[in-house]
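Asker: If you scroll down you'll find the structure; I have some questions about it.
The values are calculated or read from the model by the stated rules, or taken from the named source; none is laboratory data. The model shown is predicted, which means the values in this text are computed figures rather than measured ones. Heads up, the Cβs are rebuilt from the backbone with ideal geometry, glycines too, and the neighbour counts pull from every protein chain shown. Side chains included, ligands, DNA and RNA excluded: accessible areas come from the protein's heavy atoms. Shrake-Rupley method; radii C 1.70, N 1.55, O 1.52, S 1.80 Å.
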Amino acid sequence: GLRAPERLEVTVAGQAHCGFTQDWYTDEWRRKAGCGPTTATCLLAYCLGRDGKWPTPLTVSEAATYLDRVWEYVTPSYGGLYKTRWMADGLRCWLADAGIERYVPQMLTVSILPGYRPSGPEVIEFIRAGLAADSPVAFLNRHAGKETQIDTWHWVPIVELVRDGVRTTAVCYDEGRRKSFDPAAWTKDTVLGGGFVYLSPPEKKQ
């Protein structure tokens, strides 16, 4: 999992709140459609906070400031942010404009067509690589398949992989709570696919 998941904890009414929430947007449309930019903000806040480029947001108002900044780059269309590459491209543009291009968004798309999808183990390995790079992994779930804890047509940040015998589950933050799903089973069962994005760390100077 992430080395310091507490970086994504915000204090709400005296309690630790896991991750950021789209309800913290002040605009009604942003609250309704904001799961993608909210997840993108989690990636940026964690990775840039880790590297001393952003102060870690500790309150809802501090997190909301970041959410509004990121919205301008990771902007949902009328149907939401329903393509994996829109997340990757938005992060890339935000980083370029901030002058910190050395972070590279890594992307894995899970096609709507089963024959063109990566395997379950390949999906798990991609998530593992993101967490090993100490980045949350943004997960686009356009259809939940048989997974009961996660919402369809939704973005969430994955923060941990848990191995239990032969099964590996992914833990994500959504609406302040920890939820989990089976990435391999999801890859097989989802009807509409989705995808994953993480930020690889800055290149080391030679």
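Asker: Just to be sure, is Glu62 more than 15 Å from Pro202 (Cβ to Cβ) and open to solvent by 30 Å² or more (accessible area, probe 1.4 Å)? Steps first, answer last, please.
Answerer: Details: more than 15 Å from Pro202 (Cβ to Cβ): yes; open to solvent by 30 Å² or more (accessible area, probe 1.4 Å): yes.
Judged against the criteria, Glu62 is a match.
Asker: Considering the range 1-49 alone, what residues qualify as being open to solvent by 20 Å² or more (accessible area, probe 1.4 Å), within 14 Å of the chain's Cα centre (by Cα) and among the polar types (S, T, N, Q)?
Answerer: Gln22
Asker: Which residues, taken from the range 111-132, are buried (at least 17 other Cβ atoms within 10 Å of the Cβ) and not in a helix (DSSP H, G or I)?
Answerer: Arg117, Pro118
Asker: Suppose we filter Glu122, Glu72 for residues that are out of contact with any Leu (no Cβ under 6 Å at 6 or more places or on another chain), under 22 Å from Lys188 (Cα atoms) and not basic (Lys, Arg); which single one remains?
Answerer: After ruling out the rest, the residue left standing is Glu122.
Asker: So, in the range 68-86, of the ones that are farther than 14 Å from Cys35 by Cβ and not charged (D, E, K, R), which residue ends up modelled with the highest pLDDT?
Answerer: Tyr73
Asker: Filter the range 67-100 down to the residues that are outside any helix (DSSP H, G or I), surrounded by 13 or more Cβ atoms within 10 Å (Cβ to Cβ) and at negative phi and list them by number. Lay out the reasoning, then the answer.
Answerer: Residues of the range 67-100 that are outside any helix (DSSP H, G or I), as a first pass: 72-83, 98-100.
The next check asks that each one be surrounded by 13 or more Cβ atoms within 10 Å (Cβ to Cβ); those that pass are 73-76, 80-83, 98, 100.
Within the range 67-100, Tyr73, Val74, Thr75, Pro76, Leu81, Tyr82, Lys83, Ala98, Ile100 qualify.
Asker: Looking at the range 137-151, is at least one residue more than 24 Å from Lys53 (Cα to Cα) and either modelled with pLDDT under 95 or in a helix (DSSP H, G or I) (or both)?
Answerer: no
Asker: Let me ask another. Filtering the range 1-17 down to residues that are part of a strand (DSSP E or B) and either touching a helix residue (DSSP H, G or I) at 6+ places or on another chain (Cβ under 7 Å) or small (Gly, Ala, Ser) (or both), which residue is nearest to Ser135 (Cα to Cα)?
Answerer: Taking the range 1-17 first, the residues part of a strand (DSSP E or B) are 9-12, 15-17.
If we keep only those that are either touching a helix residue (DSSP H, G or I) at 6+ places or on another chain (Cβ under 7 Å) or small (Gly, Ala, Ser) (or both) as well, we get 10, 12, 16.
Working: Val10: 18, Val12: 24, Ala16: 20 Å.
Among those residues, the one meeting the criterion is Val10.
Asker: Filter the range 99-109 down to residues that are more than 15 Å from the chain's Cα centre (by Cα) and in contact (Cβ under 8 Å) with a residue 40 or more places away in the chain and give me whichever is farthest from Thr187 (Cα to Cα).
Answerer: Selected residue: Ile100.
Asker: In addition: List, please: which pairs have Cβ atoms under 7 Å, are six or more places apart or on different chains, and start with a residue in the range 1-27 that is over 14 Å from Thr56 (Cα atoms) and end with one that is of a type in the set (S, T, N, Q) and surrounded by 21 or more Cβ atoms within 10 Å (Cβ to Cβ)?
Answerer: As it stands, the answer is Thr21/Thr38; Gln22/Thr38, since those pairs meet every condition given.
Asker: On to the next question. Among the residues of the range 153-174, write down those that are in contact with a helix residue (DSSP H, G or I) (Cβ under 8 Å, 6 or more places away or on another chain) and within 21 Å of Gly80 (Cα to Cα).
Answerer: Scanning the range 153-174 gives His154, Trp155, Val156, Pro157, Ile158, Tyr173.
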